[in-house]
Amino acid sequence: MTMLLTGATGKTGRYIAQSLAARGVRARVLLRDPAAAAWVAGLGMEPVIGDLSDPATLAAALAGVEQALLLAANSPAQVAMEKGFIDAAVAAGVRRIVKYSAISAGGDEDYRFARWHGETERHLFASGLDWSLVRPGYFMQNFLMSADSIRAEGRFYLPACEEPVSLVDVRDAADITVACLLDRAQDGRIRTVTGAESLTMHEVAGRMERALGRPIAYVPLPAEDFRAALTGAGAPDWLAGGMIEFFAGASRGTRDHLSGCVHRLLGREPIGLDRFLADHAGAFNP
Ligand SMILES: NC(=O)c1ccc[n+]([C@@H]2O[C@H](COP(=O)([O-])OP(=O)(O)OC[C@H]3O[C@@H](n4cnc5c(N)ncnc54)[C@H](OP(=O)(O)O)[C@@H]3O)[C@@H](O)[C@H]2O)c1
């Protein structure tokens, strides 16, 4: 059965590709950057150059494919790209898509990334394809975006939020995605992936303090201060807006849900924040 992976060079996708390779799955991998082709070939997989924003490249990538992983980065073009991929998959005779989505999609969709995923999910439901959805919570790996200020000042800056947020390591989200790709019993199933803990950002700072052995503080910023800081550092306004909306939702107590999915599907405990911090201590230490 030919499988096509998208997003395999990203934070989650590279674990998905490595895990599938370790199981002997020889997938085709859509790449924008030819420089990544050697890494893909080294996994025993087949690189194919293409771009989700360029439908002309997708027909060749999808030829003969039975199932695909649809995983794309957030951007204002994400919905159009993902819908275009689904349409190209239908045209190519693909049978099944596993879509990497986000927590709260299909629910209250109170931040733009969930709204974008929800819109694509509904397009997938209407496509006639078999599907399986993976909806991860807030990535622990997002704290790596604050590694510079944690190293230099012992502080990280996020939108103000005093309520707990359920955190997930992308390695757990990758393992759940692999489970969905390899098991047709996951058809029609929505897998919300969280870790075992919901923590406030102050509690996260406390864990960092313990793991790194020096004072670390969370600095809660008013929304517009956060926007100015992020865009001032070169990030796009839509990213700042999405993060502000995410933490505004969290402030209403909507992000502390724990799904138990890793335990149920994989029969093991999820990766905790302490292990994440131990594994990435080099990024956070001066
Ligand atoms: N951050 C969170 O807390 C969180 C939580 C839940 C869900 N999510 C969802 O996770 C997804 C992102 O996952 P991630 O962080 O693992 O990914 P990521 O590190 O942002 O990587 C994105 C991947 O998509 C590829 N890509 C981007 N644009 C493309 C295009 N036009 N054509 C082909 N490939 C393209 C990238 O390839 P290149 O190497 O060519 O750039 C890369 O492989 C988003 O949909 C987001 O909503 C995030």
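The values are calculated or read from the model by the stated rules, or taken from the named source; none is laboratory data. As the structure is a prediction and not an experimental result, all values here were calculated from the model. Using ideal geometry, Cβ is built from the backbone for each residue, glycine included, and neighbour counts are taken over all protein chains shown. When the accessible area is computed, the model is the full protein with side chains, heavy atoms only, and any ligands, DNA or RNA have been set aside. Shrake-Rupley method; radii C 1.70, N 1.55, O 1.52, S 1.80 Å.
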* Structure fact -> Of the candidates Pro136, Pro159, the one satisfying the condition of being within 15 Å of the ligand (Cβ to nearest atom), under 23 Å from Tyr15 (Cα atoms), open to solvent by less than 30 Å² (accessible area, probe 1.4 Å) and in contact with a strand residue (DSSP E or B) (Cβ under 7 Å, 6 or more places away or on another chain) is Pro136
* To do: Sort out for me the strands (runs of 3 or more DSSP E) sitting completely within region 85-192 that have 2 or more residues that are within 30 Å of Asp225 (Cα to Cα).
  => 130-136, 155-159, 165-168
* Across region 14-35, what is the total count of residues that are under 21 Å from Ala63 (Cα atoms), within 9 Å of the ligand (Cβ to nearest atom) and not in a loop (DSSP other than H, G, I, E, B)? -> 2
* Single residue of region 1-13 satisfying the filter (under 18 Å from Ala60 (Cβ atoms) and more than 8 Å from the ligand (Cβ to nearest atom)) that is modelled with the lowest pLDDT -> Thr2
* Asked: Among the residues of region 61-103, which ones are out of contact with any Lys or Arg (no Cβ under 8 Å at 6 or more places or on another chain) and either closer than 18 Å to Phe247 by Cα or at pLDDT below 95 (or both)?
  -> Asn74
* Hey, which of the helices (runs of 4 or more DSSP H) in region 202-279, taking only ones fully inside, have at least 1 residues that are farther than 28 Å from Thr177 by Cβ? -> 223-232, 237-251
* Residues of region 224-247 that turn out to be small (Gly, Ala, Ser) and open to solvent by 40 Å² or more (accessible area, probe 1.4 Å), as a count -> 5
* Do we find a residue being farther than 23 Å from Ile150 by Cα and not acidic (Asp, Glu) anywhere in region 237-245? -> yes
* **Hits in region 139-156 (condition: of a type in the set (Phe, Trp, Tyr) and open to solvent by less than 20 Å² (accessible area, probe 1.4 Å))** => Phe143, Phe156
* Out of region 46-67, which residues are surrounded by fewer than 19 Cβ atoms within 10 Å (Cβ to Cβ), within 23 Å of the chain's Cα centre (by Cα) and within 9 Å of the ligand (Cβ to nearest atom)? -> Asp51, Ser53, Asp54
* Options Glu109, Glu153, Glu82: the member that is of a type in the set (Asp, Glu), free of Cβ contacts under 8 Å to residues at least 12 places away in the same chain and within 14 Å of the ligand (Cβ to nearest atom) -> Glu109
* With (1) within 15 Å of the ligand (Cβ to nearest atom); (2) closer than 26 Å to Val25 by Cα as the list, and Ile103 as the residue in question, which single condition is left unmet? -> (2)
* To do: Collect the residues in region 1-13 that are touching a Gly at 6+ places or on another chain (Cβ under 9 Å) and part of a loop (DSSP other than H, G, I, E, B), keeping them in residue-number order.
  => Thr2, Thr6, Gly7
